[in-house]
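A short worksheet on the structure shown next.
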Amino acid sequence: NAGVTQTPKFRVLKTGQSMTLLCAQDMNHEYMYWYRQDPGMGLRLIHYSVGEGTTAKGEVPDGYNVSRLKKQNFLLGLESAAPSQTSVYFCASRLSQSYEQYFGPGTRLTVT
Amino acid sequence: GNSVTQMEGPVTLSEEAFLTINCTYTATGYPSLFWYVQYPGEGLQLLLKATKADDKGSNKGFEATYRKETTSFHLEKGSVQVSDSAVYFCALGDQGGSEKLVFGKGMKLTVNP
């Protein structure tokens, strides 16, 4: 039981490049979330999903897209990276009947 | 909307000192309340939770009581250890549709031997 895993752990992009972050969970959780963590800002919700095939915007969705084609995977895409997207990205998941979220180890992204 | 305000620090304590991290919230209804901890280089882990007024959550020597009258959920530990060095986040369960967590900004704690 690996819990929540994230790929990659680190990435450096140039402005304008694109990339996809992968989140996978093996706990059969219905809900999945993408957050970004910035100094002094806490965690801010980017997008979330309440089930396979569904996604919704969170607090800071601009510049990001997501997809949830399979229940266990939640992908976060950056189509044209900007320096303002330099951050640590965390994925989380939970069961529908509980508020307790389980977090992945994070992806540190730097956009130059 | 719902929000969480917590001490931001950073805070440095000596081993065996008493710790309090204040957390207050603004919410409609009766949200669930949480403390998450983030150790260096890792993701967040649930430390403790409380789901209704007067509930006390506890784990690893940490405690927090859900106080509806003061809308607070302060975290306490009687004697901190070096291994408690981490960032601590207060959060509430937002029942506004996404059932998401609303986090405070986090407080970095360093415990020196």
So which strands (runs of 3 or more DSSP E) are wholly in the stretch A:52-112 and hold at least 2 residues that are more than 12 Å from chain B (Cβ to nearest Cβ) and open to solvent by 20 Å² or more (accessible area, probe 1.4 Å)? A:65-67, A:73-78
Can you say whether B:Thr12 is part of a strand (DSSP E or B), more than 14 Å from chain A (Cβ to nearest Cβ) and open to solvent by 10 Å² or more (accessible area, probe 1.4 Å), as far as the supplied structure shows? yes
Taking B:Ala64, is it surrounded by fewer than 16 Cβ atoms within 10 Å (Cβ to Cβ), among the aliphatic types (A, V, I, L, M) and either touching a Gly at 6+ places or on another chain (Cβ under 8 Å) or modelled with pLDDT under 95 (or both)? no
Single unsatisfied condition, A:Asp38 versus (1) over 21 Å from B:Gly106 (Cα atoms); (2) open to solvent by 10 Å² or more (accessible area, probe 1.4 Å): (1)
Restricting attention to the stretch B:22-40, report how many residues are in a strand (DSSP E or B) and more than 14 Å from every other protein chain (Cβ to nearest Cβ). 2
Residue satisfying all of: in the stretch B:15-27; in contact (Cβ under 8 Å) with a residue 60 or more places away in the chain and not hydrophobic (A, V, I, L, M, F, W, C); least open to solvent (accessible area, probe 1.4 Å) among these: B:Tyr25
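Yes or no, residue by residue, for (1) surrounded by fewer than 20 Cβ atoms within 10 Å (Cβ to Cβ); (2) without any contact (Cβ under 8 Å) to a residue 60 or more places away in the chain:
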| position | (1), (2) |
| --- | --- |
| B:Asp54 | yes, yes |
| B:Lys60 | yes, yes |
| B:Thr70 | yes, yes |
| B:Ser79 | yes, no |
| B:Asp84 | no, no |
| B:Phe103 | no, no |
| B:Met107 | no, no |
Regarding A:Val12, is this residue open to solvent by 70 Å² or more (accessible area, probe 1.4 Å), in a strand (DSSP E or B), β-branched (Val, Ile, Thr) and more than 12 Å from chain B (Cβ to nearest Cβ)? yes
Selection within the stretch B:86-101 - open to solvent by 40 Å² or more (accessible area, probe 1.4 Å) and either within 19 Å of B:Thr12 (Cα to Cα) or without any contact (Cβ under 8 Å) to a residue 60 or more places away in the chain (or both): B:Gly97, B:Glu99, B:Lys100
Hey, could you check the stretch B:41-52 for residues that are closer than 20 Å to B:Val102 by Cα and open to solvent by 40 Å² or more (accessible area, probe 1.4 Å) and say which is farthest from the other protein chains (Cβ to nearest Cβ)? B:Lys52
Can you tell me which of (1) under 15 Å from the mean Cα position of the chain (by Cα); (2) open to solvent by 80 Å² or more (accessible area, probe 1.4 Å) is the one B:Tyr30 doesn't meet? (1)
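The values are calculated or read from the model by the stated rules, or taken from the named source; none is laboratory data. All figures in this text were calculated on a predicted structure; none of them were measured in a lab. Cβ sites come from the backbone with ideal geometry, for glycine too, and all protein chains shown count toward neighbours. For the accessible areas, the whole protein counts, side chains as well, though only heavy atoms, and no ligand, DNA or RNA atoms are used. Shrake-Rupley method; radii C 1.70, N 1.55, O 1.52, S 1.80 Å.
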